[in-house]
1. Only residues that are of a type in the set (S, T, N, Q) and either closer than 30 Å to Leu450 by Cβ or free of Cβ contacts under 8 Å to residues at least 12 places away in the same chain (or both): list them for region 328-377, please.
2. Which ones in region 251-284 are at negative phi and more than 19 Å from the chain's Cα centre (by Cα)?
3. Could you please find all residues in region 343-356 being surrounded by fewer than 24 Cβ atoms within 10 Å (Cβ to Cβ) and assigned to a helix (DSSP H, G or I)?
4. Scan region 201-219 and tell me whether some residue there is at pLDDT below 75 and assigned to a helix (DSSP H, G or I).
5. Only one residue in Asp80, Asp93, Asp123 is charged (D, E, K, R) and either buried (at least 16 other Cβ atoms within 10 Å of the Cβ) or in contact with a helix residue (DSSP H, G or I) (Cβ under 6 Å, 6 or more places away or on another chain) (or both), so which one is that?
6. Does region 78-96 hold any residues that are in a strand (DSSP E or B) and farther than 23 Å from Glu278 by Cα, and which are they?
7. Is it the case, given these coordinates, that Arg436 is assigned to a helix (DSSP H, G or I), basic (Lys, Arg) and either at pLDDT below 75 or within 21 Å of Arg219 (Cα to Cα) (or both)?
Amino acid sequence: MMRILKLLVLLLVSGGLLASMGPAAAAWASSSHGTALHTELIGSVPGEDERVQSPVTEIELLFSTAVQAPLSRIEVVGADGWTVATSRVHHPDPEASDRIRVEFQSALPPGAYQVAWQTVAPDGHPVEGSFAFEVVERGFEAPSPDPDDPVDEPETELPEAGEVEEWEGEIGADEAAPGPPGVRGDPLVPGAEIVPPGTLQRWLHLLATVLLLGVVALRFGALRALPDNELGGGVRGRALKGAAGVSWIALVLLAVTLGTRLHHQLGQLGGGGGPAWEFAPYLIFRTAWGAGWGFHLAAIVLGLTGLLLTRRPGAESRGWGILTGAAILLPLIPALQGHAMGSELRQFSIPILYLHVAAVGLWLGGLLTLVLVGLPAVRKIREDESGLPALARMVNGFSRIALVAVIVLVVSGSATSFILQSGGSLGEMLQSAWGRTLLLKLALVAGALLLGFYNWRRVRPSLAHRPDPSQLRIPATVEAFLGIVILLVTAALVALPLP
């Protein structure tokens, strides 16, 4: 038992030390290199609202981060509403991963044009936008909108990514012009932007992750604390049988979300025209999002194998070990498919987010399995042979893991927020849907932690003297319910764009 706790403390404290380096490293990167933590268009040729007198044979876009050309679209529409034929989207140079380009079969004739683009950030999130430009005949002086405000000569060269200053506002198109692929208007329901598409799939996936990690916390924490006698063996056997049922539920949720999340991701790449199945091979085999999807599939296969082995006499221990391996894979998936992957400091943000998700799973998942499985297993048991109630032993065993997990959760969550903010002001964060949703999550986490502290300081010690599961059931159930709501808010937070 002590060896397991020492290993757990070493792993989580190492992650905490790494997390403490995150804010300083983020500030150094933003001040020294001027890099952005999210993808946005920062330049184009032709430029936005530019009047071009030279032949236009190509469109080139510059972004603040690397983008993926095979998953990108650039659509050029003329004033007559016809779409101009272009080449495939590609990088102008193998090393220019932050630029994408399309060429035309011939130079564009004079007229107004609308460019609608869509690409994919390093974290797998689609990014889209649009802008307009005009081609005029050589020697033709285009009239200025205001005679007292002559038209400035536009810049036609793309700036270097490290030298670009922050632009105010977002690049957009006139309301009457065609929008980008999949462009969405204002939501019909106020506040609907806080629950973006894909939230349900992410929530179910997080719930499955937490449940499977909770089974691990129950087995290595609460159940290991039981005595090795007939009484402890009986409680352990009933609890493991219930834990197997919880694991089956988690694997079913993982199987459902495996297909629905791929369908949703391809639907976003399709730009509102249905799933872009032609992008599936590249998405799965060539992107970080696809690597996360592969770990998702591997976790299902390992989990099923482990659960089947737990039902074979003599192979139970090996089966639970394989199931633990499946649970260890799961926190890596949101790290590869979320904002952490899009950070310039991904060597910090990915392991920190992994530790954050793992800590949530061990704390919240362990609490859920303790309520769903542990309490029913000891409902009719009052005392074991040593006189210490079995329920108190289980709660004490879980508390040792939960205490370390909560510390790592707070430290890693703070570090992740600092890294993703990249030195942004508090006012900017509060004005964004991402910032407001983060504050809601923090409020819910604070409430759950206060309940957990009450259970740890008041309820847990009293169980040794009055082993009544009812005094733990209500506060633990409320804490677990808040945790499930926290997962829902987190699922929405992951899908929202960074401020």
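The values are calculated or read from the model by the stated rules, or taken from the named source; none is laboratory data. On a predicted model such as this, the values are computed, not experimentally measured, just so you know. When we count neighbours, we look across all protein chains shown, and the Cβ atoms used for this are built from the backbone with ideal geometry, even at glycine.
1. We begin by selecting, within region 328-377, every residue of a type in the set (S, T, N, Q); these are 337, 343, 347, 349, 369.
Selection gives Gln347, Ser349, Thr369.
2. Filtering region 251-284 for residues at negative phi gives 251-270, 273, 275-284.
Passing the criteria: Leu251, Val252, Gly270, Gly273, Pro275, Ala276, Trp277, Glu278, Phe279, Ala280, Pro281, Tyr282.
3. Going residue by residue through region 343-356, those that are surrounded by fewer than 24 Cβ atoms within 10 Å (Cβ to Cβ) are 344-348, 350-351, 354.
Arg346, Gln347, Phe348, Ile350, Pro351, Tyr354 - these are the residues of region 343-356 that are surrounded by fewer than 24 Cβ atoms within 10 Å (Cβ to Cβ) and assigned to a helix (DSSP H, G or I).
4. Our first condition is that a residue be at pLDDT below 75; within region 201-219, this holds for none.
Taking every residue of region 201-219 in turn, none turns out to be at pLDDT below 75 and assigned to a helix (DSSP H, G or I).
5. On the way: Asp80 fails: either buried (at least 16 other Cβ atoms within 10 Å of the Cβ) or in contact with a helix residue (DSSP H, G or I) (Cβ under 6 Å, 6 or more places away or on another chain) (or both); Asp93 fails: either buried (at least 16 other Cβ atoms within 10 Å of the Cβ) or in contact with a helix residue (DSSP H, G or I) (Cβ under 6 Å, 6 or more places away or on another chain) (or both).
Only one candidate qualifies: Asp123.
6. To start, the set of residues in region 78-96 that are in a strand (DSSP E or B) comprises 78, 83, 86, 90.
Once the filter is applied, which keeps residues that are in a strand (DSSP E or B) and farther than 23 Å from Glu278 by Cα, region 78-96 yields only Gly78.
7. Values: assigned to a helix (DSSP H, G or I): yes; basic (Lys, Arg): yes; either at pLDDT below 75 or within 21 Å of Arg219 (Cα to Cα) (or both): no.
For Arg436, the condition - assigned to a helix (DSSP H, G or I), basic (Lys, Arg) and either at pLDDT below 75 or within 21 Å of Arg219 (Cα to Cα) (or both) - is not met.
Residue by residue, here is whether (1) buried (at least 20 other Cβ atoms within 10 Å of the Cβ); (2) β-branched (Val, Ile, Thr) holds:
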| residue | (1), (2) |
| --- | --- |
| Pro227 | no, no |
| Glu230 | no, no |
| Gly234 | no, no |
| Gly242 | no, no |
| Gly245 | no, no |
| Ala250 | yes, no |
| Thr257 | yes, yes |
| Arg261 | yes, no |
